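Have a look at the structure below, then the notes.
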Amino acid sequence: MEGHRERKKVRTRRALLEAAVRLFSERGYEQTTVAEIAAAADVAPRTFFAYFASKEDVLFLQAEDRGQVMTEVVAGRKPGEPLGDLLSRMFEALVRSLAEDDELDFSLSPLRTQLVFTEPALRARMMTIMMEMQPVVAEALCEVYPELDPVSAGAAVGSFMGALAVAGLMVQRRGGSNEDVLAAGRRGIEIAVNGLSSLDRS
C-alpha cells in the first residue's frame, strides 16, 4: 500500500510539472495561474500546494537537493583526493541525481532552461538559489581542504558552477541532446579544473 501511495504521488507531481511547463511555454509564465496548472493536471488547486510552495517552485523543486548532493560529495572527500578530482566526482554525482529523479524527467530540461532565461522572475529566482548555494559549498571545501582560503574556495566553486552551466547552455541553445549537454558540462568541468591553458593544446 505504501508503495502504491508513493507511486501515485510521483505521478501527480509529474503531471503537475508537465502541465506547468507546457502552460508556461504556451501562455507565458506570468499569464499562467496555479488554478490553470491544477486543472490541466486534473487535480484541485489545494493539491498543487501539497507539492509546491509556489508557482516558481515548480521549476526549482530539486534545487535544495542538488546543493545537498554537492556538499555530501565534499564532506566525503577521499584521503589525499585532489580538488580537481573531487569537482569531477561532484559533477558525476549531480548527473546520477538527475538520472534517478523520475518526477523531474531530464527530457524537460531544455524547455525549463528556456523558460528560466526568458522569464525575469524565474531568472531572478535561479540567481538567488545560486548565490545562496555557492558560498555553502565553498565553506564546505574550506573545511576539508585546510590549505584553501575562502577566496580560493569561492573561485573553485564559481568556476565549477559557471563551467557546468554555461557550457551546457551553449550546446542546449544549439539544439544539442541531453547527452550532448552532459558531455559539454563534463568538458566544461575539465577546462575549469585544468585551466584555460588546456585549450591551447586541444
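Applied to region 17-30, the Karplus parametrisation 6.51 cos²θ - 1.76 cosθ + 1.60 on θ = phi - 60° returns per-residue 3J(HN,Hα) values of 4, 5, 5, 5, 5, 5, 5, 4, 5, 7, 10, x, 4, 5 Hz, with x for Gly and Pro. The label-point distance for Ala40 and Glu6, in a model that sets each label 7 Å from Cα toward Cβ, rounds to 2.9 nm.
When the alpha carbon coordinates of region 1-48 are projected onto the principal axes, the ranges are 39, 18, 12 Å, largest first. Placing unit charges on each Cβ (+1 for Lys and Arg, -1 for Asp and Glu) gives the chain a dipole about its Cα centre, and among Leu16, Ala41, Pro110 the Cα reaching farthest toward its positive end belongs to Ala41. From helices alone, the chain scores -24000 deg cm²/dmol at 222 nm; the rule is -39500 (n - 2.57) for each run of n ≥ 4 DSSP H residues, then divide by the residue total. The chain has equivalent-ellipsoid semi-axes of 33, 19, 16 Å, by the square roots of 5 times the alpha carbon gyration tensor eigenvalues, sorted largest first.
Relative to the Cα centre, the charge distribution of the chain, modelled as +1 at Lys and Arg Cβ and -1 at Asp and Glu Cβ, gives a dipole magnitude of about 540 debye. Averaging Cα coordinates gives a centre for region 54-92 and one for region 1-27; these two points are 25 Å apart. The residues of the chain present an accessible area of 56 Å² per residue when probed at 1.4 Å with all protein chains retained. Carbon-plus-sulfur accessible fraction, region 1-157 (probe radius 1.4 Å, protein heavy atoms only): 55%.
Here the gap between Phe117 and Arg173, fully extended at 0.36 nm per residue and compared with their Cα-Cα distance, gives a gain of 19.1 nm.
As a ratio to 2.2 N^0.38 Å, the alpha-carbon radius of gyration for region 127-178 is 1.38.
The values are calculated or read from the model by the stated rules, or taken from the named source; none is laboratory data. It should be emphasised that the depicted structure is a prediction, and the values quoted were computed from it without experimental measurement. Note: ideal-geometry Cβ built from the backbone for every residue, glycine included; neighbour counts use all protein chains shown. Heads up: the accessible areas ignore ligands, DNA and RNA and are worked out on the full protein's heavy atoms, side chains in. Shrake-Rupley method; radii C 1.70, N 1.55, O 1.52, S 1.80 Å.
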